[in-house]
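Please treat every number below as a calculation from the coordinates, not as lab data. In this text the structure is predicted, and so the values were computed from the model without any measurement. Virtual Cβ from ideal backbone geometry, glycine too; neighbours counted across all protein chains shown.
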Amino acid sequence: MQRQAKNGSSGGVISPTSVKLNKTTLSLVVGATETLTATVLPANATNKNVTWSAVDSTIATVDAKGKVVAVKAGTTEITVNTVDGNKSAECALTVTAL
């Protein structure tokens, strides 16, 4: 007998339906840092792991925990992707000189 999960799928894997960031725009000065927070939905998704990336890492970098470091003046996007489910979200970043 096969059991049905509450979301209608069989088995125990619940894939992410979306990922959201706590900010969709961010402004920093060179040298400043800020940590973005990603929320994977639904709350009971089996794999909530995410990866982070910066479109232009010469302007800003982002680590595995969402910590953004402003490197030089310019604009770029910080992107978070779910490991399971291929969902993503972006934050537009503007970095200004001191």
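Each Lys and Arg Cβ is given +1 and each Asp and Glu Cβ -1; about its Cα centre, the range 18-96 then shows a dipole of about 160 debye. Summing charges over all other residues whose Cβ lies under 15 Å from the Cβ of LYS87, with Lys and Arg as +1 and Asp and Glu as -1, gives 0.
Arranged from fewest to most other beta-carbon atoms within 10 Å of their beta carbon, ILE78, ILE14 become ILE14, ILE78. Since only VAL69, SER15, ALA38 are under comparison, the one whose Cα sits farthest along the positive direction of the charge dipole of the chain, derived from C-beta charges on Lys, Arg, Asp and Glu, is SER15. Computed log10 I(q)/I(0) for the chain at 0.12, 0.15, 0.16 Å⁻¹: -0.44, -0.59, -0.65, from the Debye equation with unit scatterers placed on every C-alpha and solvent omitted.
Counting every other Cβ atom within 10 Å of each residue's Cβ, LYS48, LYS23 order from fewest to most as LYS23, LYS48.
A Förster radius of 22 Å combined with the Cβ-Cβ distance from ASN22 to ASP63 puts the calculated FRET efficiency at roughly 0.85.
For ILE78, the shell of other residues with beta-carbons less than 13 Å away shows a net charge of -2, using +1 for Lys and Arg and -1 for Asp and Glu.
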